[in-house]
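Chemist: Can you read through this structure? Questions will come right after.
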Amino acid sequence: MTDQTAPAVEVRNLSKSYGDFVALKDVNLTIAAGEYFVLLGPSGGGKTTLLRTIGGFQRPTSGEILLHGKSVGHLPPDKRPTTMVFQAYALFPHMTVLQNVGYGLKVAGLPKAQIAEKVDQALEQVGLKQFEKRKPHELSGGQQQRVQLARAIVLDRDILLLDEPLAALDAQLRKDMCLELKHLQEKVGITFIHVTHNQEEAMTVADRIALIATGDLVEVGRARDIYRAPEKSFTAGFVGENNILKGKALEVNGTAATVDVAGSKLRIDTRGLLVQAGQELILSIRSECVALEHAEGAEPPADGMSIMGSYDESVYLGLTTSHLVRLPDGTEMISRVIADADETLPQNGAPVRLHWKPSDIRMHIQ
Ligand code: ATP
């Protein structure tokens, strides 16, 4: 019996090596039942390895995986409550929707009447009842995905593993299908674990995101927290368009530190991090949180939340314009603002002031 009150997935101290190469290092992770969970990170980071290990296609080198509270180390993929969706179009082309969905039950030897009933219920659930006689090539990509989901439902698999399910699609279709996947998951309510290296895709579908890079689970959080308030500098560099600045703590006073960045003294909340004077730090601030103003003849700011630089160039991106500014130490910063066609841009090399709200700049130890 599986424990339906337990988390859908618990990964405990999981490591995986291929020969000498360590692909996953001591990963710990809990995924709640009914959650849409995304594994996000750069290529080669270990996302697929983690997904395949959860699905039973690979054995961990050490550590344990529990599905619905039950250790599954000894179980092959077809005995786990998981189904792997390899890509968007992995259906039998010569079979109808009805046959595609019923296939797994037929192989399992279920009586025909029972198959018909289960398939009917699953097609109802994914909204494909009226398409049951069609073949895959007569369906849209989103409908084909729903057929795959129905196949998992009839087999009572309630953890769907999706490895880059939208990678083969062009940008517009990818956006549409992302939303479709999200709505489908909400409607059906089973657990989705979705691997992608595309942050926009991750943000669209995820309840929570785990950042995975070089075999480490870097950070886990709700999509908006990962974006707005990343804990780690790696996350800040990977998600959104963050300015990453190097600084040195000059003075620490309670929860505020004065940090030298390219000769300017900035006031930064330590967020409970243990910081000492003299320590090297990384700061991050998203480009859309940085405002820019002309500063010809202005004194260097002393407010702790702005920095002087020289204007480099602007990149017009339609909805927004990115202004590139060079700090005295050569670091480049970006201020991204809603595009204004009538704006007078500073001359190349002109002094400008970049400023922000104190709560928008974040400190990271590494
Ligand atoms: P991608 O987004 O490119 O698919 P990923 O984050 O899913 O990347 P994995 O496929 O899990 O990464 O691979 C992690 C690392 O393990 C990579 O460096 C990869 O080359 C290596 N690796 C994966 N499978 C094997 C294998 N069977 N034998 C040896 N090395 C492997």
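Chemist: May I ask which residue of THR255, MET305, CYS289 lies farthest towards the positive end of the charge dipole of the stretch 241-365, with charges of +1 (Lys, Arg) and -1 (Asp, Glu) on Cβ and the Cα centre as origin?
Modeler: Selected residue: THR255.
Chemist: Over the stretch 9-233, what relative contact order in percent results from Cα pairs under 8 Å that are six or more residues apart?
Modeler: Values: 420 pairs, mean separation 65.7, N = 225.
Computed value for the stretch 9-233: 29 percent relative contact order.
Chemist: Please determine, in degrees from 0 to 90 and to the nearest 10, the orientation of helix 97-107 with respect to the longest principal axis defined by the Cα atoms of the chain, where the helix direction is its Cα long axis.
Modeler: Helix 97-107 and the main axis of the chain meet at about 70 degrees.
Chemist: Report the GluC sites (Glu not before Pro) located in the stretch 160-260 that are in a DSSP loop and have at most 13 other Cβ atoms inside 10 Å of their Cβ, or state none.
Modeler: Details: sites: GLU180, GLU186, GLU200, GLU201, GLU219, GLU231, GLU241, GLU251; in loops: GLU231, GLU241.
In loop regions of the stretch 160-260 (DSSP not H, G, I, E or B), the sparsely surrounded GluC sites (Glu not before Pro) are GLU241.
Chemist: Past the 27 Å Cα-Cα mark, which pairs from LYS47/LYS118; LYS47/LYS133; LYS16/LYS232? Write out the running numbers ahead of the final one.
Modeler: Details: LYS47/LYS118 33 Å; LYS47/LYS133 37 Å; LYS16/LYS232 23 Å.
In this structure, LYS47/LYS118; LYS47/LYS133 lie more than 27 Å apart at Cα.
Chemist: Turning to a different aspect of this structure: Please give the FRET efficiency for ASP260 paired with THR5, using the beta carbon to beta carbon distance and R0 = 35 Å, rounded to the nearest 0.05.
Modeler: Working: r = 52 Å, r/R0 = 1.48.
After rounding, the FRET efficiency stands at 0.10.
Chemist: Excluding residues fewer than 8 places away in the same chain, name every one of the lysines whose C-alpha is closer than 21 Å to that of LYS265.
Modeler: Partners within reach: LYS246, LYS248, LYS357.
Chemist: How many nm separate the modelled label positions at VAL337 and GLU138, each set 7 Å beyond the Cα in the direction of the Cβ?
Modeler: Simple spin-label model gives 5.7 nm for this pair.
Chemist: Same structure, new question: Under the rule of -39500 (n - 2.57) per DSSP H run of 4 or more residues, summed and divided by the residues of the chain, what mean residue ellipticity at 222 nm is obtained, to the nearest 500 deg cm²/dmol?
Modeler: Values: 8 runs with 85 residues, N = 366.
Result for the chain: -7000 deg cm²/dmol, rounded to the nearest 500.
Chemist: Set the Förster distance to 45 Å, then compute FRET efficiency between LYS246 and MET95 from the Cβ-Cβ distance, nearest 0.05. Walk me through the numbers on the way to the answer.
Modeler: On the way: r = 58 Å, r/R0 = 1.30.
Working from the Cβ atoms, E equals 0.15.
Chemist: Could you please rank ILE209, ILE365, placing first whichever residue has the fewest other Cβ atoms within 10 Å of its Cβ?
Modeler: Working: ILE209 29, ILE365 14.
Going from least to most buried by this count: ILE365, ILE209.
Chemist: Tell me the Kirkwood radius of the stretch 241-365: reciprocal of the mean inverse pair distance over distinct alpha-carbon atoms, in Å. Intermediate values should be presented prior to the final figure.
Modeler: On the way: mean 1/r = 0.0671 Å⁻¹.
Hydrodynamic radius (Kirkwood, Cα pairs) of the stretch 241-365 is 14.9 Å.
Chemist: Report, in degrees rounded to the nearest 10, the 0 to 90 angle that the Cα long axis of helix 141-154 makes with the longest principal axis of the chain.
Modeler: Taking the Cα atoms of the chain, the angle to 141-154 is about 60 degrees.
Chemist: May I ask for the angle, rounded to the nearest 10°, between helix 112-125 and the longest principal axis of the chain, with both axes built from Cα atoms and the value confined to 0 to 90°?
Modeler: That works out to roughly 20 degrees.
Chemist: Subtracting the Cα-Cα distance from 0.36 nm times the residue separation, let me have the gained length for HIS355 to PHE21 in nm, one decimal. Could you put the intermediate results ahead of the total?
Modeler: Details: separation 334, 0.36 × 334 = 120.24 nm, distance 4.46 nm.
That pair, HIS355 and PHE21, stretches by 115.8 nm at full extension.
Chemist: Next up: Among GLN148, GLN185, GLN347, determine the one that fluctuates most according to a GNM of the chain built with springs between C-alpha atoms less than 10 Å apart.
Modeler: So, out of GLN148, GLN185, GLN347, the one fluctuating most is GLN347.
We did not get these values from a lab; they are worked out from the coordinates using the rules stated. Quick caveat, the model's predicted, so the values are computed rather than measured. Methodologically, a virtual Cβ is constructed for each residue, glycine included, from the backbone with ideal geometry; neighbour enumeration extends over all protein chains shown.
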